[in-house]
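Structure first, commentary second.
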Amino acid sequence: MENVFSITSDNGNNMVKAIEIFNDDDEATDQSLVDDDWISDDAMRKLDSINLSGVHLVRCAAHTLHLCVYDVNQRSEISENINICRNLCIALRKGTHRRTLIEHNKNIPTLDVATNWISTFTMLKRLLELKEFLAAESLPTKTIDWRMAVYH
């Protein structure tokens with residue numbers, strides 16, 4: 001234990017529980033730590049309150065950033081536009097549209113993965129790179145708010 005200086009946590013309830021067990025804290029047996037309805041704000045407060053002698057608790061910055069971006073992407077106006085972009089990417093990856101992109105040496109749009117916000121960014125970036133080509137070829141762009149794709 002003398003070689004442990006910090007523990008990096010993904011902010012999850014299981015990590016709070018593990019750290020409390022690691023700390024041999026009497027509160028570790030508290031049933032509220034394993035309840036499914038334990039909200040993340042409580043987890044964050046718990047993480048802040050844990051004190052291991054000489055060991056610092058560090059929250060993973062990348063995971064925290066992911067959670068922030070995920071929350072923003074859930075806002076209805078953003079979520080709706082992302083869904084429109086996703087559906088367009090799906091259409092462009094199939095049949096005639098895919099063939100047209102390949103014939104013109106254009107990149108096939110990627111699809112995002114729900115658990116990885118950077119994939120949503122990459123999907124929107126790739127679609128934005130195709131914006132002028134899509135307009136020139138009269139490919140379907142529906143009602144995409146291109147400003148949102150630029151700022152995303």
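A few notes on this one:
- Taking residues in the range 92-105 that are within 12 Å of residue 130 (Cα to Cα), and partners anywhere that are charged (D, E, K, R) and modelled with pLDDT of 90 or more, the pairs with Cβ atoms closer than 7 Å and at least 6 places apart or on different chains are 92/98.
- Those residues of the range 82-97 which are loosely packed, with under 15 Cβ neighbours inside 10 Å and not β-branched (Val, Ile, Thr), in sequence order: 83, 87, 93, 94, 95
- Residues located in the range 106-118, provided they are touching a helix residue (DSSP H, G or I) at 6+ places or on another chain (Cβ under 6 Å) and free of Cβ contacts under 8 Å to residues at least 12 places away in the same chain: 113
- Pairs with Cβ under 6 Å, 6+ apart, first in the range 135-148 and at pLDDT 75 or above, second open to solvent by 70 Å² or more (accessible area, probe 1.4 Å): none
- Applying the condition of being open to solvent by 60 Å² or more (accessible area, probe 1.4 Å) and among the acidic types (Asp, Glu) to the range 99-134 and asking which residue is modelled with the lowest pLDDT yields 132.
The values are calculated or read from the model by the stated rules, or taken from the named source; none is laboratory data. Nothing here was measured: the structure is a model prediction, and the numbers come from that model. Cβ atoms come from the backbone with ideal geometry, glycine included; neighbour counts cover every protein chain shown. Ligands, DNA and RNA are stripped out before the accessible areas are found, and what is left, the full protein with its side chains, is counted by its heavy atoms. Shrake-Rupley method; radii C 1.70, N 1.55, O 1.52, S 1.80 Å.
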